[in-house]
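The values are calculated or read from the model by the stated rules, or taken from the named source; none is laboratory data. The model shown is predicted, which means the values in this text are computed figures rather than measured ones. As a convention, Cβ positions derive from the backbone with ideal geometry for all residues, glycine included, and neighbour counts pool all protein chains shown. Heavy atoms of the whole protein, side chains included, go into the accessibility calculation; ligands, DNA and RNA do not. Shrake-Rupley method; radii C 1.70, N 1.55, O 1.52, S 1.80 Å.
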Amino acid sequence: MSVYTHVQTIPIFPLGTALYPDGILLLKIFEVRYLDMVKQCVREGSGFGVVTLNGGTEVRTPGEQVSFNDVGTLARIKEFDPVQPSLFMIQCHGEQRFRVKSSQTQKNGLITAEVEFLKEDAPTEVPDELKPASEVLGKVIQSFKEQGAAVGKELPFHKPYRFNECGWVANRWCELLQLSPGQKQFFLEQENPRLRLDLVNELLEEMGVYKAVK
């Protein structure tokens with residue numbers, strides 16, 4: 001049974017992917033409904049909910065029915081670049097996961113929802129049998145640092161790095177691996193961080209990631 005911390009009404013942004021706690025999300029905002037939403041979030045210092053689409057498209061189409069998964073993640077805007085009045089570039093940081101209780105669509109097409117926020121992952125130490133997932137992740141991040149510095153790219157993770165925590169390690173792998181939206185959503189919904197890393201570890205073994213990264 002899920003344990004919730006509080007209930008709140010927030011704007012919802014359905015996307016073709018999942019956002020994880022402590023993850024980074026870059027968005028190009030150009031639809032009026034989201035331009036208004038971003039301006040309000042920046043003004044108030046509030047966030048919006050990212051949920052994974054399971055029906056419909058990201059860009060609004062007249063008459064289209066949109067459906068989405070009920071477990072998502074709160075996104076907080078960290079960088080805001082108003083390139084034009086009708087084009088914003090934003091960088092968001094994933095915070096707490098939530099479960100949608102009910103939702104409604106406003107006249108401008110923006111979806112708002114009453115959500116229950118799930119408790120954050122308990123700091124669960126990576127056990128010895130899952131240490132390879134943590135160690136290889138460290139190598140991948142180090143490699144990205146070296147290659148990214150050469151081409152001016154930033155590491156797609158926020159510090160501090162928590163290689164000793166099951167939930168953090170599992171989430172970072174879910175962002176790195178080429179997973180389908182459904183797979184990403186499946187892992188996001190796993191409330192037990194040890195179980196989430198167990199499942200990710202099985203996938204890493206099946207994909208031969210440990211053998212590929214020396």
Would you mind calculating the relative contact order of segment 3-141 from Cα pairs under 8 angstrom and at least 6 residues apart, reporting the percent as a whole number?
31
Taking only the Cα positions of segment 84-197, the convex hull volume per residue in Å³ is 151
With springs only between Cα atoms under 10 Å, which of Glu116, Glu189, Glu129 fluctuates most in a Gaussian network model of the chain?
Glu129
For Val71, what residues show an amide H to amide H distance below 5 Å, using hydrogens built from the backbone and excluding near sequence neighbours?
Val100
Near Cys174, within a Cβ-to-Cβ distance under 11 Å, what is the net charge of the other residues, with Lys and Arg +1 and Asp and Glu -1?
+2
Provide the net charge surrounding Val66, with neighbours chosen by a C-beta distance below 10 Å and charges set as Lys +1, Arg +1, Asp -1, Glu -1.
-1
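Could you look at the chain and say what percent of its accessible area is carbon and sulfur, using a 1.4 Å probe and all protein chains?
Here it works out to 51 percent.
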Taking N as the number of residues in segment 29-81, what value does Rg over Cα atoms divided by 2.2 N^0.38 Å take?
1.25
Rounded to whole angstrom, the alpha-carbon centroid of segment 103-120 lies from that of segment 81-97 at a distance of 18
Once Lys and Arg are counted +1 and Asp and Glu -1 for all other residues with Cβ under 14 Å from that of Ile111, the total becomes -2
Between Rg and the Kirkwood Rh of segment 170-214, both from Cα atoms, what is the Rg to Rh ratio?
0.96
Top of Val71, Val38, Val83 by mean-square fluctuation, Gaussian network on the chain, Cα under 10 Å
Val83
Using a 1.4 Å probe, what is the accessible area per residue for segment 1-129, in Å²?
53
The chain, helix-only ellipticity at 222 nm - DSSP H runs n ≥ 4, -39,500 (n - 2.57), divided by all residues, nearest 500
-10500 deg cm²/dmol
Figure the gain on full extension for Phe186 and Phe30 (residue separation times 0.36 nm, minus the Cα-Cα span) and round it to one decimal in nm.
53.2 nm
Taking the chain as the region of interest, what is the percent of Cα-Cα pairs per 10 angstrom bin, listed from the shortest bin to the one with the maximum distance?
8, 32, 35, 20, 6, 0
On a full-extension model of 0.36 nm per residue, what is the gain between Thr17 and Thr105, subtracting their alpha-carbon distance, rounded to one decimal in nm?
29.6 nm
Report, for segment 1-130, the % of DSSP beta bridges that are antiparallel, rounded to 5.
90
Using only the Cα atoms, work out Rg/Rh for segment 1-66, with Rh taken as the Kirkwood radius, to two decimals.
0.98
Karplus couplings for segment 24-31 from phi (6.51 cos²θ - 1.76 cosθ + 1.60, θ = phi - 60°), rounded to Hz, Gly and Pro as x?
10, 10, 9, 10, 9, 9, 9, 6
With +1 on each Lys and Arg Cβ and -1 on each Asp and Glu Cβ, and nothing else charged, work out how big the dipole of segment 19-89 is about its Cα centre, in Debye to the nearest 20.
140
Return the Rg/Rh ratio of segment 1-124 with Cα-based radii and a Kirkwood Rh.
0.95
Magnitude of the charge dipole, segment 86-204, Cβ model with Lys/Arg +1 and Asp/Glu -1, debye to 20
420
Magnitude of the Cβ-charge dipole (Lys and Arg +1, Asp and Glu -1) of the chain about the Cα centre, nearest 20 debye, reported as 520
When the charge dipole of the chain is computed with +1 on Lys and Arg Cβ and -1 on Asp and Glu Cβ about the Cα centre, the Cα farthest towards its positive end, among Ala18, Ala170, His93, belongs to His93
